[in-house]
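J.: Have a look at this one.
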Amino acid sequence: MAEKFKNLINGIWKDSTSGNTFENRNPAKWKEDLIGIFPSSSKEDTDEAVAAAKAAFEKWRLIPAPKRGDILKLVGDKMNERKDEIAHEMTREMGKVFAETKGDVQEGIDTAYYAASEGRRLFGYNAPSELPDKMNLSFRTPIGVGGFITPWNFPMAIPTWKLFPALVCGNTCVFKPAELTPKTASTLVEIIDSSIKEILGKNYIPGVINIVHGKGRIVGEAMISNPDVDLISFTGSTEVGMRINQVAGGSLKRVSLELGGKNAQIVMNDANQELALDAVLWGAFGTTGQRCTATSRLILHKDIHDEFLNKLTDRVNKLKLGYGNDKDIDVGPCVSESQRESVDMYVKIGIKEDKAKLVCGGEFAKEDDLSKGWFYKPTIFSEVKPGMRIEQEEIFGPVLSVIKCNDLDDAIKILNDTKYGLSSSIFTNNVNNAFKAVRDIKAGITYINGATIGAEAHMPFGGVKQTGNGHREGGWTVYDFYTEWKAVYVDYSGKLQRAQIDNY
C-alpha cells in the first residue's frame, strides 16, 4: 500500500481540511510504481499555515542569526548523510538520472553550508556622519512571512536556494512545492523542522517552516493573495510569474521571479569541437532538457556547421534512455504525460509550421520498458531560422534547434533575439571574441567554453528580460531580497542637530 503523506503546519503533520488527495507516480514506470498519496490542500490550509508562520516570526526573528546558521549547518549535515537515499527517491519521483539527482542534493548541501556561514556575515554598514558627535549605522532586518512556490525539475536545489537564505535572515516560510515532486519537498521540510527542534530544544518554535501540498490555482493563489504574506519567491513559467506579479504587486509584496529561458550555445570556427560537443550534449539533453538553463539553441559558425552537426547527431543517436536509477542511463523520461505531449506538439510545429529539418528523434520512445513511462527520443532540428517558433519559445524537453551563423556578430545577434535572457555559452579559443561575447550577450549568465547549465551555489543566479524581474538567487545577492535595510542615527552631542541645515 502506498505511503500517505501530510502537510506540516505549525509543527504538526496533518491532512488537508478538504480531505482531497492526489497520487505521486514514477514517470519511468507510471502504472506500476505509486510513490505516495499527498494532500490536495485548500485555501483554509494555506491560511492556517500563513497564520502559523506569522506567529512564529515574532520569536524566530529574535533568534541570533549565528544560531539560525547553526540550524542550517545541521540541515546540510543531515542532507549529506542521506544524499544517496534522497537522490534515489528524487529520480524515482521526477525521472532524471541518479548522477543528476545526486548533484541536485549536493547543491542543496552547498547552499545550506553557505547560508549557515552567512549567519555570521549579515553585515551592516557604518558611514561617517556629516555632523559632529553623531554616528551613522545600518542593519539588516528580516521581512516577515515568505511564500515559496517551486518547480519540479530541481525539487531539492531550488527550494533550498529560497528557504535557506530566508530562514537564516530571520523570516518564516510557507512552502508550496510542485505537485509532481512532493516527496522530495516533504523530505527537505522534515529535515529542516527536525534540525530546528534539535538546535533549539525546549525553545523550539513551531511554524517557522510549513509545507502545504496542492494545486497552484488553489494553494498558490491563496498564498499570493494573503495579506499576511510579506514576500513571494517563485520559479516557473513566465506566464504564471506574470500572474503572481500582478496579484502580489497589488498589496506591494516583495516578489522574486525566476522564469523561462531559451538558452543558446555558440560554437565558433576556432573552437575545441570535442569540448563543445560534450557541452551541448550535457546542456541540451541533461535532465531530459527540462531545465530553465537547458541548451535549446545551438548556433554554429558556417565553416564548421556540417561537420559539427554530423558528429553531434551520431552521439545523440547513441544516448541510452531508461529509468534513471538503472546503470549506464543517459536520459530519463519527461516528468509527465502532459509534458511529453507538449514536447511532441513543438516537434510537430517544427516540422509542419516552421518547416525545419528533423535530423533525429521527433517521436515517443516505446521500445521495451520505455513504453512504461513518458520517454521521448532526443531530437535535433537543423535549418532552423531566427524567428521560428521552435527557436523562440521555451519547449522544456529534449529538443535542440541548430542555427547557422556567419560570424561572431551574427551569432550574438541571433542569441539575443528572444524575449528571454537567462544563460548563454560561447566556445572559442579567441580571447578577444570571448570578452566581446561577455560584453554583448544579453543574459544573466554567460559561460566561456562551458555548457549553459551548471550554476554554483555561491554565485548569483538569474536572468534579464522576461526571464525574471531582476532579483538573483544564490550567492551573496539573494540576502538583499530577504532583508530590509534599517538606518540608525546616534546623536551624542546633547543638542538638536539638523542634517543639511546646521552643517552648511
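J.: Restricting attention to segment 228-261, which residues are among the charged types (D, E, K, R) and either outside any loop (DSSP other than H, G, I, E, B) or in the same structural domain as ARG389 (by TED's automatic domain parsing) (or both)?
T.: Of everything in segment 228-261, those that are among the charged types (D, E, K, R) and either outside any loop (DSSP other than H, G, I, E, B) or in the same structural domain as ARG389 (by TED's automatic domain parsing) (or both) turn out to be GLU239, ARG243, ARG254, GLU258.
J.: I'd like to check something: does segment 127-138 contain any residue that is in a loop (DSSP other than H, G, I, E, B) and under 20 Å from the mean Cα position of the chain (by Cα)? Let's see the steps before the verdict.
T.: Step one: filter segment 127-138 for residues in a loop (DSSP other than H, G, I, E, B), giving 128-133.
Now drop any that are not under 20 Å from the mean Cα position of the chain (by Cα), which leaves none.
The answer is no; no qualifying residue exists.
J.: Another one. Please verify whether GLU48 is in contact with a strand residue (DSSP E or B) (Cβ under 9 Å, 6 or more places away or on another chain), at pLDDT 95 or above and surrounded by fewer than 17 Cβ atoms within 10 Å (Cβ to Cβ), treating the condition exactly as stated.
T.: Working: in contact with a strand residue (DSSP E or B) (Cβ under 9 Å, 6 or more places away or on another chain): yes; at pLDDT 95 or above: yes; surrounded by fewer than 17 Cβ atoms within 10 Å (Cβ to Cβ): no.
No.
J.: Now for a different question. Where in segment 391-472 are there strands (runs of 3 or more DSSP E), lying wholly inside it, with at least 2 residues that are farther than 29 Å from ALA166 by Cβ? Even if it seems obvious, please write down each step before you answer.
T.: Numbers: elements: 399-405, 423-427, 445-448.
Counting at least 2 such residues, we get 399-405, 423-427.
J.: Condition first: surrounded by fewer than 19 Cβ atoms within 10 Å (Cβ to Cβ), more than 24 Å from GLU44 (Cα to Cα) and out of contact with any helix residue (DSSP H, G or I) (no Cβ under 8 Å at 6 or more places or on another chain). Can you find one or more residues in segment 186-201 that meet it?
T.: Yes, the conditions are met somewhere in segment 186-201.
Residue by residue, here is whether (1) at pLDDT below 95; (2) out of contact with any Pro (no Cβ under 8 Å at 6 or more places or on another chain); (3) not in a strand (DSSP E or B); (4) not assigned by TED's automatic domain parsing to the domain that holds LYS366 holds:
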{"residue": "GLY286", "(1), (2), (3), (4)": "no, yes, yes, no"}
{"residue": "SER296", "(1), (2), (3), (4)": "no, yes, no, no"}
{"residue": "LEU300", "(1), (2), (3), (4)": "no, yes, no, no"}
{"residue": "ASP306", "(1), (2), (3), (4)": "no, yes, yes, no"}
{"residue": "LYS311", "(1), (2), (3), (4)": "no, yes, yes, no"}
{"residue": "ASN325", "(1), (2), (3), (4)": "no, yes, yes, no"}
{"residue": "CYS334", "(1), (2), (3), (4)": "no, no, yes, no"}
{"residue": "ARG340", "(1), (2), (3), (4)": "no, no, yes, no"}
{"residue": "ILE351", "(1), (2), (3), (4)": "no, yes, yes, no"}
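J.: Among residues belonging to segment 226-254 that are within 22 Å of LYS54 (Cα to Cα) and β-branched (Val, Ile, Thr), point out the one that is surrounded by the fewest Cβ atoms within 10 Å (Cβ to Cβ).
T.: VAL247
J.: Report yes if GLU179 is surrounded by fewer than 24 Cβ atoms within 10 Å (Cβ to Cβ) and over 17 Å from GLU23 (Cα atoms), otherwise no. It would help to see each step written out before you state the result.
T.: Working: surrounded by fewer than 24 Cβ atoms within 10 Å (Cβ to Cβ): yes; over 17 Å from GLU23 (Cα atoms): no.
In short, no.
Every residue, every condition in (1) within 30 Å of SER225 (Cβ to Cβ); (2) surrounded by 18 or more Cβ atoms within 10 Å (Cβ to Cβ); (3) among the basic types (Lys, Arg); (4) outside the structural domain of LEU319 (by TED's automatic domain parsing), yes or no:
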{"position": "LYS29", "(1), (2), (3), (4)": "no, no, yes, yes"}
{"position": "SER41", "(1), (2), (3), (4)": "yes, yes, no, yes"}
{"position": "ALA53", "(1), (2), (3), (4)": "yes, yes, no, yes"}
{"position": "ARG61", "(1), (2), (3), (4)": "yes, no, yes, yes"}
{"position": "PRO66", "(1), (2), (3), (4)": "no, no, no, yes"}
{"position": "ASN80", "(1), (2), (3), (4)": "no, no, no, yes"}
{"position": "GLU85", "(1), (2), (3), (4)": "no, no, no, yes"}
{"position": "THR91", "(1), (2), (3), (4)": "no, yes, no, yes"}
{"position": "GLU100", "(1), (2), (3), (4)": "no, yes, no, yes"}
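The values are calculated or read from the model by the stated rules, or taken from the named source; none is laboratory data. Every value quoted in this text rests on a predicted model; they were computed, and no experiment measured them. Cβ: placed from backbone, ideal geometry, glycine included. Neighbour counts: every protein chain shown.
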